[in-house]
Amino acid sequence: MEHKLMTEHEKVDISRKSHELEQAGKKEEATALYRTIPLPAHLAQFVKKYMGVDYLTQQGWNLAEAEAKFGSEWLNK
């Protein structure tokens, strides 16, 4: 999946849709949709440091903000 940066409006819209899915009992779909919102760079760095690269990538988070801040190869550094 391609990671992309988003506007605040896009993030809020996806968050709302994710919440609606969860309320409808579609927890897995809600979680997958929510993880398309870019994880803030500082949180991505924290997860990488304390939980590892494999955990971070296996969770399916959008890492576009971290890539924009730290460079495209930040996971391998």
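The values are calculated or read from the model by the stated rules, or taken from the named source; none is laboratory data. Since the structure is predicted, the reported quantities are computational estimates derived from the model, not experimental observations. Note that each Cβ is placed from the backbone with ideal geometry, even for glycine, and that neighbours are counted across all protein chains shown.
Looking at this structure, is LYS77 modelled with pLDDT of 95 or more and either buried (at least 18 other Cβ atoms within 10 Å of the Cβ) or not hydrophobic (A, V, I, L, M, F, W, C) (or both)?
no
Among the residues of the range 41-77, count how many are within 13 Å of HIS3 (Cα to Cα) and either touching a Gly at 6+ places or on another chain (Cβ under 6 Å) or of a type in the set (Ser, Thr, Tyr) (or both).
Residues in the range 41-77 being within 13 Å of HIS3 (Cα to Cα) and either touching a Gly at 6+ places or on another chain (Cβ under 6 Å) or of a type in the set (Ser, Thr, Tyr) (or both): 2 in total.
Any residue that is free of Cβ contacts under 8 Å to residues at least 24 places away in the same chain and polar (S, T, N, Q) - is there at least one of those in the range 35-51?
The answer is no; no qualifying residue exists.
Does LYS4 meet the test of being basic (Lys, Arg) and in a helix (DSSP H, G or I)? Give the steps one after another, and end with the answer.
Details: basic (Lys, Arg): yes; in a helix (DSSP H, G or I): no.
The answer is no for LYS4.
Going through the range 4-35 one residue at a time, which ones are buried (at least 16 other Cβ atoms within 10 Å of the Cβ) and closer than 18 Å to LEU75 by Cα?
Listed by number, the list holds a single entry, ARG35.
So which residues in the range 7-47 are outside any helix (DSSP H, G or I) and either polar (S, T, N, Q) or under 20 Å from GLU65 (Cβ atoms) (or both), if there are any at all?
Matches in the range 7-47: THR7, ARG35, THR36, ILE37, PRO38, LEU39, PRO40.
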